[in-house]
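Heads up, the thing below is written out as C-alpha cells.
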Amino acid sequence: MNSNTRLIVNTLAQHIKTVINIVLSLYSTRLVLQALGQSDFGIFSLVGGLVTMLGFITNAMIVATQRHLSFYNGKGSAKEIQQIFSNSLFLHIIIGVAISVIIIILQPLFFNGFLRIDSTRTTEAIFVYMMMTLGLLFTFISAPYKALFVAHENIVYISLIDIMDGVLKLICALWLLQWQHDRLVAYGVIMASIMAFNYLAFSIYAKINYKETVLIPNYKQINSKNIFDIFNIAGWTIYMTGCIMGRTQGIAIVFNHFFGTLINTAYGIAMQVTGAVHFVGTAVTNAISPRIYKAEGMNNRDRMLSMSEAASKFSYLLMAMAVIPIVFEMDNILHTWLGEVPEKATLICQFVLITALLDQSTTGLTIANLAVGNIRNYSIITNTIKLSTVILVYINLYWGGNITLSMICYMVIEIISALIRLPLLKATTGLSIQHYTTNVFLRLLIPSLALTCVSWTSIQLFDFPFRFLFTITLSSIISAPFIWFGGLKVEERNTILDIIGIKKKKF
C-alpha cells in the first residue's frame, strides 16, 4: 500500500484495537476485582506494578531501536539496519537478564517491612513478584521485534497481538472466578504466561517476514559503535520513561505508606482507566513517529518539526474527545463498571486523565527530540521535574494534606514539564515557540471548550442509565465542526482529505 494509505490503516488499526481493548480491559478488571477482592487486587496492583515499573526500560529500548531502524531507513542503508537489529537483540538479552537478577536481589528489601502487606499474604505476594519478574524478562526480549514492526510501519500486526492479549486476559479473568484455590497466585501465573505468548507471537512472525530478523544475536555483527549509539539513546530514554514510571509507582508506594492497600485499589483503577484512554492519543504518535525519524534521517528538519506539531495536535484532539466527557461522567462510569467504587477512585481518575490529556499538547516534541538524537539535557530537565511529584506528594501527606491536594500537585508538575519542552526544542531544533503557540495551543482551545460545554450540559439536562455513552457520543458529534474548522489548519484538513481520497492536495 502507498504511504498515505499505510498511515491511515495503521491509525485505524490502533483505534480499533483501542476500542476493543478498552472494553476488554474494563470488563476484565471488574472480573479480576470481583475474583480477588479489594485487598488482593490492591496487593497485585502494588507488587505487580513494582516489578513492571522496571518495564520502562523495555519501552526505552523499543524507542531507541525503532528510532535507529527508521532513521537508517530514511538513509536507505540496509546493512546498517541488519547490524542494528542484531546489536539491539544482544543488548536486550544482556540487560533483561541483569535487570531480572537485580529485581530478585531486591526482593527481601521490599518484603521485610518496606511495603505494608498483610502478613498472612506475604508468601503469595512474593510469588506474584517472581512471576511478574519472569514476565518482564519475556517482555524485554520481545522489544526489538516490536520495534522492527513499528519501523516497518506494520502496526496492524502489533494491534492484532494486543487484541489477542486483551482476549486472553478476559478469558483468564472468567476462569479465575471459577478457580477454587488461591486466586492471587493463579493470576500471577496467568499474567506471566500471557507475556510469554506475546514474545513468541512477535519473534516468530518477525523471523518469517523480515530478513534482518534473528532469534539469536549474530555475534559477527556485534559492533561497538552501533551498541553505543543505541545505548546512548536508550540510556536517556530509560531515564525519561523511568522517571515517569517512578512517579507513577512512587505515588502508589507513598499512598500505601499513608493509607494502606485499599487506596492502592483506587489508584490502580485510575491507572487502568488512564492506560486504556491514553491509547487513543498515542495511536497517531505511534503511526507518525517512524516518518518523523525518517524525515530527520533525510535532513528535512522543517518537515520533521511540522509532523511533530501535527502529532501533538492530533493526539490531543483524539484523546480530548474521550477524556473530557469521561471526566464529567467518571462517577457514573465507575459505578456501572465496578458496582462498588473504591473511595477516592473517582477523584484520582479525574485528575490523572486531565493530566494525561494536557501532556499530549506537546507530546510530539518528545518524538522530535528523539529524532535529533540530542536528548541528554531534555531528558534530565523534563523528567526530573516529573519525578519530583513523588516528593511533593509525600511532603503534602506528611504535613497532614489530603488526596485532593496531592493530585493538584501531580497536575501542576505535569503542566510545567509539558511547557518546558518548548524552549528545550527551540535550543536543539530551532523550533519557533510563537508558531507552536499559535498553531497548536490556541487551536486546541476552542475544541476543548466545546467538548467541556457539551459534556457539562449533558449531565445537567439528562439522567438515565448508561448516560455516559450518550454524553460521549453527543460531545463528539457537536464538537466535530469545532475540531475541524477551529483545531486544524487548512493544510492539515487537506492532508486528511487527501489521505482518505476525497481531495488531492499535497501537504
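The values are calculated or read from the model by the stated rules, or taken from the named source; none is laboratory data. Predicted, not measured: the structure shown is a model, and the values here were computed from it. We place every Cβ from the backbone using ideal geometry, glycine too, and count neighbours over all the protein chains shown. The protein model used for the area step is the full one, side chains on, heavy atoms only, and it has no ligands, DNA or RNA in it. Shrake-Rupley method; radii C 1.70, N 1.55, O 1.52, S 1.80 Å.
Each stretch of four or more DSSP H residues adds -39500 (n - 2.57); spread over every residue of the chain, this sum gives -28500 deg cm²/dmol at 222 nm. Taking every protein chain into account, the 1.4 Å probe leaves W337 with about 20 Å² of accessible area, to the nearest ten. Full extension of the chain between A98 and W484 gives 134.0 nm of extra length, using 0.36 nm per residue less the Cα-Cα distance. Selection among Y410, S361, S455 by position relative to the dipole of the stretch 326-460 gives S361 as farthest towards the positive end (Cβ unit charges, Cα centre).
Note down the nm distance, to one decimal, between modelled labels 7 Å out along Cα→Cβ at M130 and at H181. It works out to 1.4 nm between the two label points. Our estimate of slack between M298 and I222, defined as 0.36 nm per intervening residue step minus the Cα-Cα distance, is 24.8 nm. The simple Förster model, with R0 at 35 Å and r as the Cβ-Cβ distance, assigns T438 and L12 a FRET efficiency of 0.70.
Evaluated with a Cβ-only charge set (Lys, Arg +1; Asp, Glu -1), the chain carries a dipole of roughly 1540 debye about its Cα centre, given to the nearest 20. Heavy-atom accessible area with a 1.4 Å probe sorts K169, K220, largest first, into K220, K169. Remark: the stretch 369-380, residue by residue, has Karplus-estimated 3J(HN,Hα) of 5, 5, 4, 5, x, 9, 10, 4, 5, 4, 5, 4 Hz, where x stands for each Gly or Pro and the curve is 6.51 cos²θ - 1.76 cosθ + 1.60 at θ = phi - 60°. Bridgeable aspartates and glutamates around K225 (alpha carbons under 14 Å apart, same-chain partners fewer than 8 residues away excluded): E80.
Each of G373, W399, S388 was placed along the dipole of the stretch 366-478 (beta-carbon charges, centred on the mean Cα), and the one lying farthest toward the positive end is G373.
Taking 0.36 nm per residue of sequence separation and removing the Cα-Cα distance, the K426/I391 pair yields an extension gain of 9.7 nm. When only the Cβ of Lys, Arg, Asp and Glu is charged (+1, +1, -1, -1), the dipole of the stretch 289-349 relative to its Cα centre reaches about 500 debye. For a label point 7 Å from the Cα of I459 along Cα→C-beta, name the residues of the stretch 390-404 whose backbone N is under 18 Å from it. Once the point is set 7 Å along Cα→Cβ of I459, 404 turn out to lie under 18 Å by backbone N, inside the stretch 390-404. Residue order by solvent-accessible surface for F71, F466 is F466, F71, largest first, with ligands and nucleic acids left out and a 1.4 Å probe. When Y157, Y267 are compared by accessible area at a 1.4 angstrom probe, the order from most to least is Y157, Y267.
Can you classify the stretch 376-507 as rounded, prolate or oblate using the Cα gyration tensor, where a ≥ b ≥ c are the square roots of its eigenvalues, rounded means a/c under 1.5, and otherwise it's prolate if a/b beats b/c and oblate if not?
Values: a/c = 3.11, a/b = 1.17, b/c = 2.66.
In terms of gyration-tensor shape, oblate.
D162 exposes around 40 Å² of accessible area when a 1.4 Å probe is run over every protein chain in place. Ranked by the mean number of other Cβ atoms within 10 Å per residue, highest first, peptides 248-257, 115-124 order as 248-257, 115-124.
For the chain, with the dipole built from +1 on Lys and Arg beta-carbon atoms and -1 on Asp and Glu ones, taken about the Cα centre, which of T29, T122, L424 lies farthest toward the positive end? Of the options given, the answer is L424. When +1 charges are put on Lys and Arg Cβ atoms and -1 charges on Asp and Glu Cβ atoms, the dipole computed for the stretch 113-250 relative to its Cα centre reaches about 180 debye. With a Förster radius of 25 Å applied to the beta-carbon distance between M411 and E491, the computed FRET efficiency rounds to 0.15. With R₀ fixed at 41 Å, the C-beta to C-beta distance from N402 to I204 puts the FRET efficiency at about 0.20. Each residue was assigned an accessible area with a 1.4 Å probe, and for V101 the value is about 70 Å².
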